Structure formats: structure tokens, C-alpha cells
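Here the structure is laid out as C-alpha cells; the discussion comes afterwards.
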Amino acid sequence: MPIDLDHLLRRLADPFNAESRFYWPLVIAAMLGIVANTVWYYWRIRGERQSPAEEAIKPWAYWVNVIFLIWALVLLIAKVPFFWYIASLALNVLALVYIYMYWLPPRDAAWERELRRLKYIPKPEQRKRRRR
């Protein structure tokens with residue numbers, strides 16, 4: 001079956017409406033996305049030590065995702081064409097790629113270097129108290 005490019009482009013430019021079969025699944029997916037992001041943000045593994053850079057970046061990633069999901073719901077209510085969703089999703093992904101691929105690695109590497117450096121610094125001796 002050949003792909004009708006004209007039909008595809010027309011469908012992407014048509015406004016979304018509540019009668020569309022994709023409307024409610026997108027609303028539910030956005031709500032589940034907000035819940036999943038909140039769970040990810042507050043999830044802590046006992047005993048695992050995160051780098052300070054990762055702890056600093058987590059709120060930024062959380063709010064970028066949550067604001068995008070709220071924006072997607074606003075676009076759904078406004079019934080804009082579907083390509084606006086694709087453009088918004090692309091901006092969200094680009095922001096997260098920038099955060100995790102360019103901003104985080106140098107700071108994470110500096111933290112690991114600091115941990116290695118601290119291994120070579122002698123720790124003060126702990127004096128034991130004698131019992132009387």
C-alpha cells in the first residue's frame with residue numbers, strides 16, 4: 001500500500017478535536033506522564049550516593065518534563081494541529097539531551113575526580129578513649 005503524503009500532511013495540519021480517537025488517550029498519557037515524573041523525582045534508593053551535579057539537575061529535568069506535559073494538555077484544549085505537538089516534543093527532548101549530554105558530564109567528572117583526590121588525603125586518626 002503506497003503512502004499518501006498529501007493525506008498524511010493534511011491530517012497533521014488538521015485541528016485536534018475531542019471526537020478524535022487519539023484525544024482521550026493523549027490526555028490520559030499526559031496525566032500518567034506527570035505522575036511518572038513525580039514518582040521518578042521523589043524516588044530515592046537507600047545507600048546509593050548521587051553526585052551533587054545529578055541532584056542539581058534532577059529538578060530541572062522534572063520541571064522541563066512537567067511543563068511540557070501541561071503545555072501538551074493546553075494544546076489539546078486549544079485544538080491545535082498535530083505538528084505543534086511534534087514541535088513541542090522535539091523541544092522537550094532537545095532540552096533533556098542538552099541537560100544530560102552536555103551540562104551533566106563535566107560536572108559529574110569533576111565530582112569523581114574530587115572523590116579520587118579525597119582518597120589520598122590522610123584522615124585524622126581517631127583516638128580511643130581508655131576506660132577507667
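The values are calculated or read from the model by the stated rules, or taken from the named source; none is laboratory data. Since the model is a prediction, treat every value here as computed from it, not as a measurement. Using ideal geometry, Cβ is built from the backbone for each residue, glycine included, and neighbour counts are taken over all protein chains shown. The area values use the complete protein model at the heavy-atom level, side chains included, leaving out ligands, DNA and RNA. Shrake-Rupley method; radii C 1.70, N 1.55, O 1.52, S 1.80 Å.
Every condition in (1) closer than 25 Å to Ala109 by Cα; (2) surrounded by 15 or more Cβ atoms within 10 Å (Cβ to Cβ) is met by Trp43 except one, and the failing one is (2). No other residue among Pro25, Pro59, Pro106 is open to solvent by less than 60 Å² (accessible area, probe 1.4 Å) and either in a helix (DSSP H, G or I) or in contact (Cβ under 8 Å) with a residue 40 or more places away in the chain (or both) apart from Pro59. Of all residues in the stretch 110-132, exactly one satisfies the criterion of being in contact with a helix residue (DSSP H, G or I) (Cβ under 9 Å, 6 or more places away or on another chain) and without any contact (Cβ under 8 Å) to a residue 60 or more places away in the chain, namely Ala110.
For the stretch 1-19, taking the residues that are at pLDDT 70 or above and under 26 Å from Asn65 (Cα atoms), the one that is least open to solvent (accessible area, probe 1.4 Å) is identified as Ala13. Annotation note: of Arg131, Arg127, Arg49, the sole residue that is within 21 Å of the chain's Cα centre (by Cα), in a loop (DSSP other than H, G, I, E, B) and either at pLDDT 85 or above or not small (Gly, Ala, Ser) (or both) is Arg49.
Among the residues of the stretch 74-97, those identified as surrounded by 15 or more Cβ atoms within 10 Å (Cβ to Cβ) and assigned to a helix (DSSP H, G or I) are Leu75, Leu76, Trp84, Tyr85, Ser88, Asn92, Ala95, Leu96.
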